[in-house]
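The values are calculated or read from the model by the stated rules, or taken from the named source; none is laboratory data. Please read all numbers here as calculations on a predicted model, not as lab measurements. The area values use the complete protein model at the heavy-atom level, side chains included, leaving out ligands, DNA and RNA. Shrake-Rupley method; radii C 1.70, N 1.55, O 1.52, S 1.80 Å.
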Amino acid sequence: MVTMNFILFLLISPPILLMTLLVERKARLLLVFMAFGIFSAYLSGQINSVISAYVEVSAFDLSIHVAPVVEEFLKAFPVVVFFFAFKPDSHYILGCAVCTGLGFAFFENAWAFSQSVSWYPTWQDVSFALSRGFGASMVHSICTLIIIYCLYICSKTRKLLITGTLASFSLICTIHSLFNVLIQSRYAAAPFILTIGIYAVLLWLSIKKKLSKKGEKKQ
């Protein structure tokens, strides 16, 4: 049966994959990982639908117990495989992680709008768009970035590699699940405070790392 997910996948994926042939290697890989993110969103939607059809679980329970685990695993898997197979530098692998998360978010947002927004948008639709842009989209990108960043750090110490990877995966699933709980509660502002707060911490770490490298070069 043809679904809206499948139609959106056909709309979004082909141009991204075709453009990979026209750009250089580094840019090509970023586009490929964005396509991986889109495919992960499509596949997770199918898996979540199958689970909800065969298991007696409410939409709310699915969104907090099942969907975060399925989605975060499918997003992280191609980036983790690439990391272990080719050992790229930290800046490049983090860029791949962000592109995977963004691809996932783009597809999910397109599906959400196809289900919710009318032909004549209102200010309520604008509010919905802002909530998706600064909320769900940020969560998908941030969570993929966190697990790859933690994996990069843990890979330097073999004793921490397995436990650190599992711990970081548990962390992002918890963040994703908490976001889904809050977005469906009466505390509408809480999930955005959560995502912006995590983003601020990651931005601070990035700036601190750049400043420390500049200090080392001057010395």
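Just a few scattered comments:
- Using alpha carbons only: equivalent-ellipsoid semi-axes of segment 117-219, gyration tensor based, whole Å: 33, 19, 11
- Principal-axis analysis of the Cα atoms of the chain puts helix 158-183 at an angle of about 30° to the longest axis.
- Alpha carbon centroid spacing (whole Å) that separates segment 17-61 from segment 166-181: 18 Å
- Entry for the chain at q = 0.11, 0.18 Å⁻¹: log10 I(q)/I(0) = -0.59, -1.46, Debye formula applied to identical alpha-carbon scatterers, no solvent contribution.
- Percent accessible area from carbon and sulfur atoms, segment 91-160, protein chains only, probe 1.4 Å: 68 percent
- Pairs of lysine residues in the chain that meet both criteria, 8 or more places apart or on different chains and Cα atoms under 15 Å apart, total 6.
- Kirkwood radius and radius of gyration were both taken over the C-alpha atoms of segment 73-163, and their ratio Rg/Rh is 1.14.
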